[in-house]
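Heads up, the thing below is written out as structure tokens.
The values are calculated or read from the model by the stated rules, or taken from the named source; none is laboratory data. Everything quoted here is computed from the prediction, not taken from an experiment. In this analysis, Cβ positions are derived from the backbone assuming ideal geometry, glycine residues included, and neighbour counts consider all displayed protein chains. All accessible areas refer to the heavy atoms of the entire protein, side chains included, with ligands and DNA or RNA removed. Shrake-Rupley method; radii C 1.70, N 1.55, O 1.52, S 1.80 Å.
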Amino acid sequence: MLEIKNIDVHYGVIHVLKGISFTVNDGEIVTLIGANGAGKTTTLRTISGLKKPTSGTILLDGEDITQVSPRERVKRGISHAPEGRRIFPDMTVLENLELGAYLRKDKEEIAKDLKKVYERFPILYDRKKQLAGTLSGGEQQMLAIGRALMSRPRILFLDEPSMGLAPFLVQEIFNIIKDINTTGTTILLVEQNASMALQIAHRAYVLETGSIVLSGTGAELMQSDEIKKAYLGG
Amino acid sequence: MEQLLQQVINGISLGSIYALIALGYTMVYGIIKLINFAHCDVYMIGAYIGYFCMNNFHLGFVPSLLISMVVCTLLGIAIEKIAYKPLRNATRIAVLITAIGVSLFLEYGTMFFVKATSRSYPEMTGMMAQRFNFGNVVISMQQILILAITVVLMILLQLIVKKTRIGKAMRAVSMDRDAAELMGINVDTTITFTFALGSALAGAAGVLVGVYYNSINPLMGVLPGLKAFVAAVFGGIGIIPGAMIGGYFIGAVEVFVSGYGGSLYRDAVVFGILILILIVKPTGLLGKNTREKV
Ligand SMILES: Nc1ncnc2c1ncn2[C@@H]1O[C@H](COP(=O)(O)OP(=O)(O)OP(=O)(O)O)[C@@H](O)[C@H]1O
Ligand SMILES: [Mg+2]
């Protein structure tokens, strides 16, 4: 279980996260929605250790990980497919996937996971020798997710996986996210596409300029008037 | 024709030296976007280590080369840890100024210990002094050695960068530091390793130059350092094969310009090339214009 307690984050003097708290239980899909600049990406970056919070605690299974390195967090089962994909453009698809398993030593299990990623994303298998930077946007997104799965995470962060994708691909990505979840991976999902995210999420939090203003089950928030007005287009 | 061939051979020797030094500039730039001005002084210190090994301890060429590479590796690691690591989040100009400071410190620190006068590498004897004549074209054993050692080191470097875990980490960090961290790569260790690799190559270049040109002094790194930097920019800074190609190109240009009567303009031509690249293709020969996908 991941518990975020009163996290404050500043960029210089700008107060970006204002004491936010939330939890992600094992096995859930939790989504974080909110307008541009609300602080969603910052939240994920703080939990995976790329950004140091000014105060507050992050607990993973009851252990305080607020001060540990990003590397140690990966070891403990956190994996983060960042905003904008951030694949390694001048490496092949295969090399990208292998880097996802950078901290693992169990060669045979890595090979199994690689096979699973290829089964999930056959296009990556076809393109395994191709430089990742030459993939299409959708393929890059699949690579980013595949790479994040290669660490065999217990909890997976996805930051706007549907960004820039054609509608049918958006649907496919969400199906895949659901499927990854049913095979046992907890998911923390950040999305602009609130209606899709709320459909697959067990629970959701709404972030507004650095504060959590609403929370509930996916179904509850879909019915909420505020949400309908602000994020679901009426 | 014979003269041309002779120039090519001389160009390859000089180019090898530039290429070895350029690799260090390019790898460090690739990973932390820093022009490590102190790099040329690591090369100079490498030359001195080789000198002391041969002259004072009467070691052979190969042990001297290896010792110099090891000492330079340690020096490179020390420079990174002491001077640059504390500035990881500082502005680039602050780090650049620090680099110049480290460079001056090494130059004048060395001068304090070894005096400013030039020293001569011990005469090469036996096999090392052999020369092969093909008509009027002369190839010295030293030239063969320079090329052979450079090629071996470059192959080793490629293997490290392409095949090993730390090499993959190096490439990952130079492409996207945050993403590399998210893979669990230890970025600090990787940066230190990059300095170590580059410095080892500079150490080798120092000994090779000592053996080839004989004379060394505490400021010997400055000009070759600048030219190796031009070589790195020519090939595309941050790109390893670019530094190799750039090194040989600059070496060839220099030898040809002086060989055909222009030795006074030799350096001017090299820096003219720098200006030209910066105008025509600032990303260098192998550099590509950065593009992003949505
Ligand atoms: N590196 C940075 N330096 C300064 N300010 C930053 C930095 N990164 C983010 N911010 C600021 O923090 C705020 C939150 O940004 P964040 O990227 O977390 O938003 P977001 O909710 O992910 O937005 P989007 O939906 O557009 O991705 C923004 O106001 C942004 O300008
Ligand atoms: Mg964002």
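The set of residues from the stretch B:79-121 being surrounded by fewer than 13 Cβ atoms within 10 Å (Cβ to Cβ), of a type in the set (Gly, Ala, Ser) and assigned to a helix (DSSP H, G or I) comprises just one member, B:Ala94. Only strands (runs of 3 or more DSSP E) whose full extent lies in the stretch A:169-226 are considered here, and the ones with at least 3 residues that are without any contact (Cβ under 8 Å) to a residue 24 or more places away in the chain are A:211-217. Scanning the stretch B:1-17 for residues that are touching a residue at least 12 places away in the same chain (Cβ under 8 Å) and open to solvent by 10 Å² or more (accessible area, probe 1.4 Å) turns up B:Glu2, B:Gln3, B:Leu5, B:Gln6, B:Gln7, B:Val8, B:Ile9, B:Asn10, B:Ile12, B:Leu14.
None of A:Leu32, A:Leu50 is open to solvent by less than 10 Å² (accessible area, probe 1.4 Å) and more than 7 Å from ligand 1 (Cβ to nearest atom) except A:Leu32.
State yes or no: is A:Arg86 open to solvent by 60 Å² or more (accessible area, probe 1.4 Å) and either assigned to a helix (DSSP H, G or I) or in contact with a Ser or Thr (Cβ under 8 Å, 6 or more places away or on another chain) (or both)?
Values: open to solvent by 60 Å² or more (accessible area, probe 1.4 Å): yes; either assigned to a helix (DSSP H, G or I) or in contact with a Ser or Thr (Cβ under 8 Å, 6 or more places away or on another chain) (or both): no.
Considered against the rule, which asks whether it is open to solvent by 60 Å² or more (accessible area, probe 1.4 Å) and either assigned to a helix (DSSP H, G or I) or in contact with a Ser or Thr (Cβ under 8 Å, 6 or more places away or on another chain) (or both), A:Arg86 comes out as no.
Would you confirm, using the coordinates I've provided, whether A:Glu98 is away from ligand 1 (no atom under 16 Å from the Cβ) and within 11 Å of another protein chain (Cβ to nearest Cβ)? Give the derivation first.
Numbers: away from ligand 1 (no atom under 16 Å from the Cβ): yes; within 11 Å of another protein chain (Cβ to nearest Cβ): yes.
For A:Glu98, the condition - away from ligand 1 (no atom under 16 Å from the Cβ) and within 11 Å of another protein chain (Cβ to nearest Cβ) - is met.
Within the stretch A:173-187, is there a residue that is among the acidic types (Asp, Glu), within 14 Å of another protein chain (Cβ to nearest Cβ) and open to solvent by 10 Å² or more (accessible area, probe 1.4 Å)? For the stretch A:173-187, residues among the acidic types (Asp, Glu), within 14 Å of another protein chain (Cβ to nearest Cβ) and open to solvent by 10 Å² or more (accessible area, probe 1.4 Å): absent. For the stretch A:96-134, the candidate set comprises residues that are touching a helix residue (DSSP H, G or I) at 6+ places or on another chain (Cβ under 9 Å) and of a type in the set (Ser, Thr, Tyr); within that set, the residue that is nearest to A:Ile180 (Cα to Cα) is A:Tyr118. Annotation note: of A:Ile20, A:Ile4, the sole residue that is farther than 22 Å from A:Gln199 by Cβ, away from chain B (no Cβ under 14 Å), within 12 Å of ligand 1 (Cβ to nearest atom) and open to solvent by less than 30 Å² (accessible area, probe 1.4 Å) is A:Ile20. Evaluate the stretch A:133-149: report whether one residue or more is closer than 13 Å to A:Ile87 by Cβ, away from ligand 1 (no atom under 16 Å from the Cβ) and touching a Pro at 6+ places or on another chain (Cβ under 6 Å). Looking for residues that are closer than 13 Å to A:Ile87 by Cβ, away from ligand 1 (no atom under 16 Å from the Cβ) and touching a Pro at 6+ places or on another chain (Cβ under 6 Å), one finds at least one in the stretch A:133-149, hence yes. In the set B:Gln142, B:Gln158, B:Gln130, only one residue is closer than 29 Å to B:Gly259 by Cβ, surrounded by fewer than 18 Cβ atoms within 10 Å (Cβ to Cβ) and more than 15 Å from the chain's Cα centre (by Cα); that residue is B:Gln130.
Evaluating A:His80 against the criteria (1) closer than 24 Å to B:Val173 by Cβ; (2) of a type outside the set (Asp, Glu); (3) more than 14 Å from chain B (Cβ to nearest Cβ); (4) outside any loop (DSSP other than H, G, I, E, B) leaves one unmet condition, (3). Across the stretch A:155-192, the number of residues qualifying as under 14 Å from the mean Cα position of the chain (by Cα) and either on the phi < 0 side of the Ramachandran plot or away from ligand 1 (no atom under 16 Å from the Cβ) (or both) comes to 23. Out of curiosity, is B:Phe57 open to solvent by 50 Å² or more (accessible area, probe 1.4 Å) and either over 26 Å from B:Ala129 (Cβ atoms) or part of a helix (DSSP H, G or I) (or both)? No: the conditions fail for B:Phe57. Look at the stretch B:87-103: where a residue is within 12 Å of B:His39 (Cα to Cα) and a partner is aromatic (Phe, Trp, Tyr), sitting 6+ places away or on another chain with Cβ atoms under 8 Å, you get B:Ala99/B:Phe37; B:Ala99/B:Tyr84; B:Ile100/B:Phe37; B:Val102/B:Phe37; B:Ser103/B:Phe37.
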